[in-house]
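Step one of this worksheet: look at the structure below.
The values are calculated or read from the model by the stated rules, or taken from the named source; none is laboratory data. Just so you know, these numbers come straight off a predicted model, no measurement behind them. Positions of Cβ are generated from backbone atoms using ideal geometry, with glycine treated the same way; all protein chains shown enter the neighbour counts.
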Amino acid sequence: MRRLGSTRRRGRTSGLVAAGVACGAALAALTVPVAEAGPLGPGQESARPAGVHWEAKDPGTPQIRFRGLAAVDRDTAWLAGTGGTVLRTTNGGSTWRDVSPPGTAELQFRDVQAFDARRAVVLAIGEGEASRVYRTDDGGATWTESFRNTDPKAFYDCLAFFDRRHGLALSDPVDGRFRALSTSDGGRSWRVLPSDGMPPALDGEAGFAASGQCLVTSGPKDVWLATGGGAHARVLHSADRGLTWTAAETPVPAGDPAKGVFALAFRDRTHGIAVGGDYRPDQPSARAAAVTGDGGRSWRSATTSPPAYRSGAAWLPHSRTAALAVGPTGTDLTTDGGRSWRTIDTGSYDTVTCTPDLSCWAAGEQGRVGRLERRADRPAHKPT
């Protein structure tokens with residue numbers, strides 16, 4: 001979408017053998033202390049000795065903004081950001097390796113999908129040929145450019161995968177309809193899908209390339225697209241890997257190029273949350289979150305929304321009720337399936353993801369990267 005930044009436009013875990021008891025206990029330890037505490041104010045990050053906080057895993061790149069994040073597990077994560085930057089860690093963020101594709105310094109990477117420590121796909125956004133897809137099979141030692149957009153009217157915002165082979169990338173509307181790009185070989189090749197099954201776009205409607213989460217999947221065929229900029233903030237849903245779509249309005253405010261749904265998270269094919277608002281820092285973001293229990297056919301406002309614009313969201317692993325939302329002014333937690341939210345950190349993050357082995361990661365501006373921790377003896381990660 002033509003906004004946000006210099007471009008203007010914008011498995012199962014191997015360690016959870018006793019999943020039932022272990023996950024329940026771990027999630028209780030993770031969420032209960034936060035739910036019982038009040039919101040943090042500026043300078044109060046160290047006032048909560050127990051509970052959760054973002055432990056800094058910064059890679060030492062304060063000049064980079066990371067809007068693309070893919071965590072494989074507690075040890076392995078990939079980052080994608082400005083300046084054609086791709087970083088990878090395999091030791092929990094203690095050290096990061098620069099594995100950026102060569103010759104991409106002019107590109108903005110906004111989304112990354114990682115299948116494991118060696119295989120990943122990254123998306124660069126922008127008008128015309130600035131929208132590209134790269135894939136690596138050797139941990140970033142070498143990359144292959146598998147797609148370069150040649151239509152000046154297209155602008156790809158997000159990508160998402162159903163499994164290791166099948167995935168989609170979505171462009172802002174071309175000739176009045178969102179454009180879907182499909183792969184069936186893990187991102188090695190792509191084809192534009194027919195637009196017949198896509199409903200007409202609203203005037204001014206587009207996606208937000210803010211966190212890599214305007215397009216999300218659940219299961220082998222279901223995918224959802226978040227929009228804004230038009231008269232209504234909508235969520236489009238496909239149950240056949242992008243061949244046909246239906247659209248539903250959300251209560252998140254729109255009607256302006258800076259407003260809409262910025263991120264989605266679905267814990268299964270029926271239960272989902274949407275977050276967004278107005279990304280301009282001087283504007284309020286009322287009703288910045290919504291929830292669905294019918295696969296996105298209908299949406300209702302959260303009773304207590306995050307206090308400001310949020311660009312990323314993720315369900316806590318193995319939880320039916322707990323999820324995180326992040327944005328430039330803080331992190332919020334819900335423990336009731338998205339109906340109410342409570343601020344737990346005031347640091348700036350753009351995107352967030354959680355993994356099956358009970359690990360959650362976040363990334364954002366000024367090279368900020370964090371992993372969610374519960375420590376009684378360490379202060380929370382202070383905002384920069």
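Determine the pairs where a residue that is farther than 17 Å from ARG297 by Cβ, located within the stretch 203-229, has a partner that is in a loop (DSSP other than H, G, I, E, B) and among the acidic types (Asp, Glu) with Cβ atoms under 8 Å apart, the partner being 6 or more residues away or on another chain.
ALA210/ASP350; SER211/ASP350; PRO220/ASP163; GLY228/GLU205; GLY229/GLU205; GLY229/ASP256
Tell me whether the stretch 188-203 contains one or more residues that are surrounded by fewer than 16 Cβ atoms within 10 Å (Cβ to Cβ), at pLDDT 95 or above, assigned to a strand (DSSP E or B) and in contact with a helix residue (DSSP H, G or I) (Cβ under 6 Å, 6 or more places away or on another chain).
Within the stretch 188-203, not a single residue is surrounded by fewer than 16 Cβ atoms within 10 Å (Cβ to Cβ), at pLDDT 95 or above, assigned to a strand (DSSP E or B) and in contact with a helix residue (DSSP H, G or I) (Cβ under 6 Å, 6 or more places away or on another chain).
Please go through (1) over 25 Å from PRO200 (Cα atoms); (2) of a type in the set (D, E, K, R); (3) in contact with an Asp or Glu (Cβ under 9 Å, 6 or more places away or on another chain) for ASP336 and return the number of the only condition it doesn't satisfy.
Result: ASP336 passes all but (3).
Keeping to the stretch 312-328, report how many residues are farther than 21 Å from VAL72 by Cα and crowded, with 20+ Cβ neighbours inside 10 Å. Walk me through it before giving the result.
So the first thing to find is which residues in the stretch 312-328 are farther than 21 Å from VAL72 by Cα, and the list is 321, 327-328.
From the residues that got through so far, the ones that are crowded, with 20+ Cβ neighbours inside 10 Å too are 327.
Selection size over the stretch 312-328: 1.
Would you kindly identify the strands (runs of 3 or more DSSP E) lying entirely within the stretch 46-119 that contain at least 2 residues that are out of contact with any Phe, Trp or Tyr (no Cβ under 7 Å at 6 or more places or on another chain), of a type outside the set (Phe, Trp, Tyr) and surrounded by fewer than 21 Cβ atoms within 10 Å (Cβ to Cβ)? Outline the logic, then answer.
Working: elements: 52-56, 66-71, 77-81, 85-89, 108-114.
Those strands (runs of 3 or more DSSP E) span 52-56.
Has the stretch 329-339 got any residue that is under 24 Å from THR227 (Cβ atoms) and surrounded by fewer than 19 Cβ atoms within 10 Å (Cβ to Cβ)?
Looking through the stretch 329-339, at least one residue is under 24 Å from THR227 (Cβ atoms) and surrounded by fewer than 19 Cβ atoms within 10 Å (Cβ to Cβ).
Name every residue in the stretch 150-167 that is outside any strand (DSSP E or B), within 18 Å of PHE178 (Cα to Cα) and in contact with a Lys or Arg (Cβ under 7 Å, 6 or more places away or on another chain), in order of residue number.
In the first step, residues of the stretch 150-167 are kept if they are outside any strand (DSSP E or B); the result is 150-154, 162-166.
Next, from what is left, pick out any that are within 18 Å of PHE178 (Cα to Cα): 150-154.
Within the stretch 150-167, ALA154 is the sole residue that qualifies.
Can you tell me which residue within the stretch 211-235, out of those that are of a type in the set (A, V, I, L, M) and closer than 24 Å to THR270 by Cα, is surrounded by the fewest Cβ atoms within 10 Å (Cβ to Cβ)?
VAL216
Tell me, which residue of the stretch 284-311 that is more than 20 Å from THR351 (Cβ to Cβ) and among the charged types (D, E, K, R) is surrounded by the most Cβ atoms within 10 Å (Cβ to Cβ)?
For the stretch 284-311, the residue satisfying everything is ARG287.
Restricting attention to the stretch 284-318, which residues are over 18 Å from GLY255 (Cβ atoms) and at pLDDT below 95?
Matches in the stretch 284-318: PRO317, HIS318.
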